[in-house]
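Okay, so here's the structure we're looking at.
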Amino acid sequence: MRYLPIHIDTHNARILIVGGGEAAEAKLRTLLKTEAELLLISPNVGPEVARWIEDGKISHLARDFHEQDLEGVTLVYAATEDGSLNAEIAAKAASMNLPVNAADQKDACSFITPALVDRAPMVISIGSEGTSPGLSRAIKSDLETRLPSTLGRLALKTQELRAKVKELMPELSDRQRFWARVFDGKDLTAHLKLDEAGIEDRVDEALTRPDADKGGSVVLVGAGPGNPDLLTFAARQALHSADVVVYDRLVSQDVLDLARREAEYIYVGKEPGGKSTPQDEINQVLIDKARKGFFVVRLKSGDPLIFGRADEELDALEAAAIPTSIIPGITSAASAAAEIGASLTTRGKNKAISLLTGHDAKGFAEQDWKSLAAAHARAAVYMGVGASRFIQGRLLIHGAEHSRPVTVVENASRPNQKIVATTLGALPDDLEAAGIKGPAILLIGYAPRDAARQIFSKVKHA
Ligand code: SAH
């Protein structure tokens, strides 16, 4: 993100607009909604702008711009119809460290103005950093139809109610949880439809059962392979209301970004062969946070119940009598298969698929190699990149053919996904040549369907 969206206080601010034509008019349409004092400098102005001046909404100086005009202003819009003049004004403003926007000259701007959905005081700004104004407008018009005109009044009423809630709940974290419950992630449409009386009723009702939230709990949530589009709806809701998010190394930033911003984030990653958080310590964090009354989201990559050491955590939580639940996720083998368009089971070909780990506590994991080497056997190997030569050796010794297809999907569903289609005979060398370091799934006995990338990789381009 190059441009940081911020909302500037225009109360008592003075905004200078240089120009009186169409470019200035477009900026003014938004600026007129603010509380700022607007000063416009331009020898001549268009009819619409003239009307605003006449109505006393804008102060106007009918002359050319002078450098002194920049004194005492908060923001500057260089919006004449002359590009080089705009750039010149912008340079002067910049030399005085004034935030400046120059019409149609992105490089001369120190800020750019977003598309707005205005339900003041609820305001949504949409920006594409100048890459795609058309797309921003499409998002804006979609939101315009979805967000009711009463939204601003709902926000104002909520502000009033916050004072009442604050009196009853002096602790900030209690209040945050209270409001998360009032506006829980389940039904945004219903929240948006609330009128002033509706929100008051809902707050009163929530205040009469404050104990409902006292006891903490833990939910083990499958974060999927990394692409946030592959999260379940339940996972999203849990992330929205989390007080604490305890997450693993392979949970993607895009998924973490969906969690409540005020939540506490605790990283408990285990680096392969490197530093890691001991399992006992993770268990203890979950228990301690839940005992404090927090809603703890334990985020695990893929599905929490597949190579996720879930039962160690579940046992500890059960022993501590902490209410616990599980939200499944899309496991990386499923995502990898989708990316290459390969059916994991095929009628008449394989009646089973094994999910294997390449490593266990002792090192490379031993498996039932004899049955895995059989011609019809199919397997998805997790944590298998480092063990690929070992796995290859074991399967070949037990009679598997060199030509058996193996497809490796690294970073499945993520923007940096890599697919290597190879054979058992060439597996370790091809992985090395392709620079595959993981996280990756080895799909043994599977080749990508033709043109799989075009047909089956839609989600990752979101
Ligand atoms: N619970 C997870 C597995 C955790 S074990 C699940 O259900 O997917 C860690 C292993 O998962 C990695 O070594 C790798 O084999 C696999 N993995 C996790 N994310 C992946 C991704 N985006 N692409 C490919 N493999 C992934």
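When restricted to residues that are buried (at least 19 other Cβ atoms within 10 Å of the Cβ) and closer than 28 Å to Gly438 by Cα, the range 251-267 contains 4. Please work out if Arg291 is outside the structural domain of Ile444 (by TED's automatic domain parsing), of a type outside the set (Ser, Thr, Tyr) and open to solvent by 50 Å² or more (accessible area, probe 1.4 Å). Yes, satisfied. When Leu220, Leu239 are screened for being out of contact with any Cys (no Cβ under 9 Å at 6 or more places or on another chain) and within 16 Å of the ligand (Cβ to nearest atom), only Leu220 passes. Select from the range 229-250 the residues that are surrounded by fewer than 22 Cβ atoms within 10 Å (Cβ to Cβ), at pLDDT below 95 and in a helix (DSSP H, G or I) and list them in ascending order. Of everything in the range 229-250, those that are surrounded by fewer than 22 Cβ atoms within 10 Å (Cβ to Cβ), at pLDDT below 95 and in a helix (DSSP H, G or I) turn out to be Phe233, Ala234, Arg236, Gln237, His240, Ser241.
The test for being under 26 Å from Ala13 (Cβ atoms) and either open to solvent by 30 Å² or more (accessible area, probe 1.4 Å) or among the small types (Gly, Ala, Ser) (or both) does not hold for Ser132. When the residues of the range 395-419 are filtered to those that are in a loop (DSSP other than H, G, I, E, B) and within 16 Å of the ligand (Cβ to nearest atom), the one that is surrounded by the fewest Cβ atoms within 10 Å (Cβ to Cβ) is Asn416. Consider the range 291-344. How many of its residues are more than 13 Å from the ligand (Cβ to nearest atom), assigned to a loop (DSSP other than H, G, I, E, B) and among the charged types (D, E, K, R)? Within the range 291-344, residues that are more than 13 Å from the ligand (Cβ to nearest atom), assigned to a loop (DSSP other than H, G, I, E, B) and among the charged types (D, E, K, R) number 1. Scanning the range 347-376 for residues that are within 16 Å of the ligand (Cβ to nearest atom) and over 34 Å from the mean Cα position of the chain (by Cα), we see that the one that is farthest from Ile444 (Cα to Cα) is Gly363. Where strands (runs of 3 or more DSSP E) sit wholly within the range 39-103, those with at least 1 residues that are surrounded by fewer than 16 Cβ atoms within 10 Å (Cβ to Cβ) occupy 59-61.
On inspection, His191 passes the criterion of being more than 16 Å from the ligand (Cβ to nearest atom), of a type outside the set (Ser, Thr, Tyr) and more than 18 Å from the chain's Cα centre (by Cα).
The residues of the range 156-178 that are of a type in the set (A, V, I, L, M, F, W, C), buried (at least 16 other Cβ atoms within 10 Å of the Cβ) and in a helix (DSSP H, G or I), listed by number, are Leu161, Val165, Phe178.
Figure legend. Inter-residue proximity from the range 6-32: first residues open to solvent by 50 Å² or more (accessible area, probe 1.4 Å) and at pLDDT 95 or above, second residues not in a loop (DSSP other than H, G, I, E, B) and not small (Gly, Ala, Ser), beta-carbon distance below 6 Å, spacing 6+ or different chains. Indicated pairs: Arg14/Glu37. Contact annotation: residue pairs with Cβ atoms under 6 Å, 6 or more positions apart or on different chains, pairing a residue in the range 377-391 that is within 17 Å of Ala342 (Cβ to Cβ) and near the ligand (Cβ under 7 Å from one of its atoms) with a partner that is open to solvent by 40 Å² or more (accessible area, probe 1.4 Å) and in a loop (DSSP other than H, G, I, E, B), are Tyr382/Phe307.
Being crowded, with 21+ Cβ neighbours inside 10 Å, more than 20 Å from Leu355 (Cβ to Cβ) and at pLDDT below 95 holds for only one residue in Lys437, Lys460, and it is Lys460.
The values are calculated or read from the model by the stated rules, or taken from the named source; none is laboratory data. This is a predicted model, so every value here is computed, not measured. Heads up, the Cβs are rebuilt from the backbone with ideal geometry, glycines too, and the neighbour counts pull from every protein chain shown. The protein model used for the area step is the full one, side chains on, heavy atoms only, and it has no ligands, DNA or RNA in it. Shrake-Rupley method; radii C 1.70, N 1.55, O 1.52, S 1.80 Å.
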